[in-house]
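Have a look at the structure below before the remarks.
The values are calculated or read from the model by the stated rules, or taken from the named source; none is laboratory data. Everything quoted here is computed from the prediction, not taken from an experiment. Using ideal geometry, Cβ is built from the backbone for each residue, glycine included, and neighbour counts are taken over all protein chains shown.
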Amino acid sequence: MTANDLGAMAGCLCGLLMVIGGMILLYTGAISLNRTSKEEAVSLEFKRLFHLTTHYPALGLFVIGLAFIVTSVTLSRPRDNRITMSGLLTVPAGTTDLDPQDLRLSLESSLKPQFDSSTNGITVDGDPTTMWQVVITYPGMFAAKPVQVLGRRNIPLGSIALVRVAEKPPVNLANIASLPTTIAKSDGGL
Amino acid sequence: MKKNLWLVLLGMLVVCLSATAQRPRGAAVTGVVVDRQERPAPGLAVFLVGPQGRSAPRTTDRYGKFLFTDVPSGQGYFIEVYWGRDLMYRKPIAVQADTNLGVLRL
């Protein structure tokens, strides 16, 4: 649970307390829903942007409580930050049975950082909307294409051609040492 | 009394911070995978196998490079390279500090 979730939950709880507390106060007679005079009307104003006057002050408790709840629920909704990239991948002639599990896609930037050796500070200055490259790798192959990423949810990649740059050699048994039995075979946490 | 309590809390904070600062940083392990013609091999899965088991894979980039960070140093590992599902390379390595394995020829 993140700090945002905790804040939203606290806001929701405050709103519920105000609404339930208002109901209890109404029930016990501490407040009433009677219409008040113009002089006793409650007025709420925020920098001329928002102005509310009510002749039923008790309702204010419920309105503020509900505002807490609605705001908390709205803010705690998970935001959908996903992006979708779609395009057409062409493979070198003679490639058969391309296994999608071995495809990897990464984004690289061509932004050139500046390094200040006296402070070890690193600074990057450039236009982030144009300086990205999508790079797709597959064993022995890669493809790269400039792409506009920032501020877009659906990114068309167009046609991307995988280029074979290395050949799979036959397995050289001299390159494969056997694992000692003491090493666990399960996946570890590196 | 209140002042003493603040001093105790401050002391605990300093101890916690110094313990965090002294946490040993793991080593980096890098290398380049090439084929028989010395051409960089992209898209290969590289694993480190150690006493704790097998790492999550790193994929070689278009230059055949791979990078592991925060590897616990002072122990022996095996480096494994897979071409798809096929194991192509497995050799023992020692990681004492940041380690550049150089060129791994398949």
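What to note about this one:
Quick grid of which residues meet (1) assigned to a strand (DSSP E or B); (2) more than 14 Å from chain A (Cβ to nearest Cβ); (3) within 19 Å of A:Arg164 (Cβ to Cβ); (4) modelled with pLDDT under 90:
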position: B:Arg23; (1), (2), (3), (4): no, yes, no, yes
position: B:Ala28; (1), (2), (3), (4): yes, no, no, no
position: B:Arg36; (1), (2), (3), (4): no, no, yes, no
position: B:Gly43; (1), (2), (3), (4): no, no, yes, no
position: B:Leu48; (1), (2), (3), (4): yes, no, no, no
position: B:Ala56; (1), (2), (3), (4): no, no, no, no
position: B:Leu67; (1), (2), (3), (4): yes, no, no, no
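- Search result, residues across region A:146-164 that are in a strand (DSSP E or B), in contact (Cβ under 8 Å) with a residue 40 or more places away in the chain and in contact with a Ser or Thr (Cβ under 9 Å, 6 or more places away or on another chain): A:Asn154, A:Ile155, A:Pro156, A:Leu157, A:Ser159, A:Ile160, A:Ala161, A:Arg164
- Among residues that are in contact with an Asp or Glu (Cβ under 8 Å, 6 or more places away or on another chain) and hydrophobic (A, V, I, L, M, F, W, C), A:Ala166 is included.
Let's see how each residue does on (1) more than 30 Å from the chain's Cα centre (by Cα); (2) under 30 Å from A:Lys168 (Cβ atoms); (3) in the same structural domain as A:Gly15 (by TED's automatic domain parsing):
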residue: A:Thr90; (1), (2), (3): yes, yes, no
residue: A:Ala93; (1), (2), (3): yes, yes, no
residue: A:Asp97; (1), (2), (3): yes, yes, no
residue: A:Pro100; (1), (2), (3): no, yes, no
residue: A:Leu107; (1), (2), (3): no, yes, no
residue: A:Lys112; (1), (2), (3): no, no, no
residue: A:Phe115; (1), (2), (3): no, no, no
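- Residues satisfying the stated conditions in region B:55-98, i.e. under 12 Å from the mean Cα position of the chain (by Cα) and free of Cβ contacts under 8 Å to residues at least 12 places away in the same chain: B:Ala56
- Within region B:69-106, restricting attention to residues that are assigned to a strand (DSSP E or B) and among the polar types (S, T, N, Q), the residue that is modelled with the lowest pLDDT is B:Gln75.
- Looking across A:Gln114, A:Gln133, A:Gln101, one residue alone is outside any strand (DSSP E or B), more than 27 Å from A:Leu17 (Cα to Cα) and without any contact (Cβ under 8 Å) to a residue 40 or more places away in the chain. It is A:Gln101.
- Given (1) touching a strand residue (DSSP E or B) at 6+ places or on another chain (Cβ under 7 Å); (2) exposed (fewer than 14 other Cβ atoms within 10 Å of the Cβ); (3) away from every other protein chain (no Cβ under 13 Å), number of the condition A:Leu107 does not satisfy: (3)
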